[in-house]
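The block underneath contains the structure these notes are about, expressed in structure tokens.
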Amino acid sequence: MTMPSLRVRILIVLCVVLVLSQRWWAPLGNTLFNLVSLSSRWRHASVESWISKDRDGFDVTFASYPVNQTTAGPSYQDAVPPILHHIHLGPNAPRAEWLGARDECIKYHHNWTALIWDDAAAEKLVNEEFPHLSDMWHNYRYPVERVDALRYMVLQTHGGVVLDFDLACKRSLGPLRRFDFVAPAAHPTGFSIGFMMASKGNEFVKNLVDNLAPYNHVWFYLPYVAVMFSTGCHYASTIFTLQEDRASLRILGGITGSPRLHMLNGFVDTPLFRHLGSSSWHNFDAALINWIGHLRRGSILVCLSFGVSLMLTVYYLTSLRRRRCAARRNKSMADKFDSESGISCLKHA
């Protein structure tokens, strides 16, 4: 009986390993596919969620509403509690311009509760309300991941409005309180988490909290990608597309001729905010996530297939080289062990 070739045996071993380890890699692979395929799913998933005059009777330019309107209006019920949340973690005090931006928001929401979540308050909330996530939250690799995760925890527990410190309000957010969840559209896809409004105990926000653990990976060991995929805008937008019921979720977009009306990219002025543009944590790999955001489904499948093929090829060539080195060492030892050639072979293995 002819023994199978070395290549066939290696492929058989690889197949057996893949089958036996699928409980580990299958969920991770599915999670990764959900993330990288966001751009191909976002348009279809969000088409019914964009706030519009026709669907919601809402003026997204806000020209129809008084700048100090702190409620949804006489014809609507306030779904979002009147609470402003700002998060600042770490030993350093908030910058003066950030506190000034927060003061601008308080000015337009004078009868709302305004909270700053510092380290002590955050620790208390996580340990009391989310003890099962406490270890993960404390051990996030990047500080901004703790901030992002805390946004969802705060909204689930209290409801209200979460704002980045670098957003200076130009008017009240009251007219938006009639919606159970609101976030502004982001570029090139998804929505921004720098500004979110939600009802207390919102089901979508609960799903954002519940999925923090499954998505907690140091994706590709790239800081920007790791943050965006584990807790950031890309993560939240992905969970949005996976919701079975998005009827109560709203995305604040633009109008004809001004599609980016409410996007918070860089130093911009929108109808609601003056954005100071503080995104100092972005790293060299930020371009990668933007590239992924523009991919289509076919391109995603090609890239994933190429990546898997490349890893299998590297594994096969490494295994083959080690076997050849082992055979060479055995032959050398049978004749008379040559220490110099043995060390050389080990170095190349």
For this session: Scan around M196 for amide H atoms under 5 Å from its own, H built in the peptide plane at 1.01 Å from N, and keep only partners 5 or more places away or cross-chain.
Result: V162
Seminar exercise, completed: Rounded to a whole %, the carbon-and-sulfur portion of the accessible area of the stretch 78-222 at a 1.4 Å probe is 50
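Applying a 10 Å radius around every beta-carbon, put 110-118, 236-244 in order of their mean neighbour count, most first.
Working: 110-118: 14.4, 236-244: 18.8.
Averaged packing, sorted descending, gives the order 236-244, 110-118.
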Problem set entry | the stretch 107-245, accessible area per residue, ligands and nucleic acids excluded (1.4 Å, Å²) | 35
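Output needed for the stretch 79-151: three equivalent-ellipsoid semi-axes, defined as square roots of 5 times the C-alpha gyration tensor eigenvalues, in descending order, whole Å.
25, 16, 9
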Exercise. Sorted by mean Cβ packing within 10 Å, highest first, what order do the peptides 41-49, 190-198 take?
Worked result: 190-198, 41-49
Exercise. Is the shape of the stretch 202-260 rounded, prolate or oblate, going by the alpha carbon gyration tensor and its root eigenvalues a ≥ b ≥ c, with a/c under 1.5 for rounded and a/b larger than b/c for prolate?
Worked result: oblate
Problem set entry | Vicinal HN-Hα couplings computed from phi for the stretch 111-122 (Karplus, 6.51 cos²θ - 1.76 cosθ + 1.60; Hz; Gly/Pro x) | 9, 9, 7, 10, 10, 10, 8, 9, 4, 5, 5, 5
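Assuming R0 = 22 Å, can you tell me the calculated FRET efficiency for the pair D54 and R260, based on Cβ-Cβ distance, to the nearest 0.05? Show your work: numbers first, answer last.
Working: r = 20 Å, r/R0 = 0.91.
With a Förster radius of 22 Å, E is 0.65.
The values are calculated or read from the model by the stated rules, or taken from the named source; none is laboratory data. Fair warning: this is a prediction, and the values are worked out from it, not measured in the lab. With ideal geometry, Cβ positions are generated from the backbone for all residues, glycine too; neighbour counts draw on all protein chains shown. Please note that ligands, DNA and RNA were not included when accessible areas were found on the heavy atoms of the full protein model with its side chains. Shrake-Rupley method; radii C 1.70, N 1.55, O 1.52, S 1.80 Å.
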